[in-house]
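So the structure is just underneath, and the comments pick up after that.
The values are calculated or read from the model by the stated rules, or taken from the named source; none is laboratory data. The structure presented is a predicted model; accordingly, all values stated were derived computationally and were not measured. Backbone-built Cβ (ideal geometry, glycine too); neighbour counts: all protein chains shown. Note: accessible area is taken over every heavy atom of the protein model, side chains too, but ligands, DNA and RNA are not part of it. Shrake-Rupley method; radii C 1.70, N 1.55, O 1.52, S 1.80 Å.
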Amino acid sequence: LGTGTLIVEGQVNSTTSVAGSTSRLEVKIPVRKSDPGSLPGLWLANGNTSPSQNNEIAGNVLLSDCNASTSTIRFNNTVPPGSNYTARNTARPMPVIPLPAPAGAISLGSIGGTVTLPRSVDESPINKAITFNNRSNVYVYTASAITGNLTITPGKKVVIYLSGSIPKTASIDHSCAGYAGAAGTCLPTNFQIYGTGTTGEICANGNRQIEAFILAPTYSGGVNGTGGGQGGLKGSFFIKDWGRIQGCGSNTSNIAVVQTGNWADSGFTPVEYPPYIDTFSGWEKKPV
């Protein structure tokens, strides 16, 4: 967008022979436009106490709490190689959950045991997929909790309105790895969880990597271990805070969140981020 100029000038103030000597340093700082195409890997609404829990974030991080420090967030810039992820405070509001759940949402109660969504009864003989939040062929469910083994069929679009929590003992499986369907039809944003409770917890099981977009502004989130680096979330976590759930964390340095997804695929309107100051290469000494 342009370049800012920072000038630092110093003058000797003493009784020596060099009194009044002046030096000036100048640096050009590029101002960049933020990319609205990518969904941030992590967006926290309220502070960031040990937000990485020793785990690393392969994605950009936004903090709506302007008093929160970004210094404790640990990044992994090897996914993909050469990445340059950043953490920034922002006054921009988090996306809003479309409330109430739309007509056509299917009530599941508490999801325990072993469940695959969409269920065969939802697909036939009457297909219960609806057009929802700017996306077509979406299966929308409501659930009070997820405590069992939940599998999302690759290539299907599934949204769960969650009024309760997801403990670390729950197992959620949604992966596009090895998907044989048409390119672009299996995406992490196909599976979305909206946390609608006044409070709640979402602790991802670190034994497997969940591909999902999670929007839960009043929930605490975390990853319990990372299964040798293969667990956590591949997508986006938009939540209240990170790493504050008792017993949901890890002492390892594996990747907990991998940023993957675009606003266009999520169904939500892109948030316009403010410009940011990029790094600069060095100072230049200028004559006074």
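Listing for the model above:
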| read-out | value |
| --- | --- |
| Odd one out for residue 95 among (1) modelled with pLDDT of 95 or more; (2) in contact with a Pro (Cβ under 9 Å, 6 or more places away or on another chain); (3) not small (Gly, Ala, Ser) | (1) |
| Strands (runs of 3 or more DSSP E) contained entirely in region 150-265, each with at least 2 residues that are basic (Lys, Arg) and open to solvent by 30 Å² or more (accessible area, probe 1.4 Å) | 232-242 |
| So residue 136, is it without any contact (Cβ under 8 Å) to a residue 24 or more places away in the chain, over 22 Å from residue 249 (Cβ atoms) and open to solvent by 20 Å² or more (accessible area, probe 1.4 Å) | yes |
| Hits in region 243-260 (condition: touching a strand residue (DSSP E or B) at 6+ places or on another chain (Cβ under 8 Å) and more than 17 Å from residue 76 (Cα to Cα)) | 243, 244, 245, 247, 248, 249 |
| Output for region 74-128, where each listed residue is of a type in the set (Lys, Arg) and not in a loop (DSSP other than H, G, I, E, B) | 88 |
| Tally, over region 13-51, of residues that are over 33 Å from the mean Cα position of the chain (by Cα), modelled with pLDDT of 80 or more and surrounded by fewer than 13 Cβ atoms within 10 Å (Cβ to Cβ) | 1 |
| Close pairs from region 237-249: first modelled with pLDDT of 90 or more, partner open to solvent by 10 Å² or more (accessible area, probe 1.4 Å) and of a type outside the set (A, V, I, L, M), Cβ under 8 Å, at least 6 apart | 238/95; 238/217; 239/217; 239/220; 240/46; 240/217; 240/218; 240/220 |
| Options 102, 95, 80: the member that is free of Cβ contacts under 8 Å to residues at least 24 places away in the same chain, within 30 Å of residue 272 (Cβ to Cβ) and out of contact with any His (no Cβ under 7 Å at 6 or more places or on another chain) | 80 |
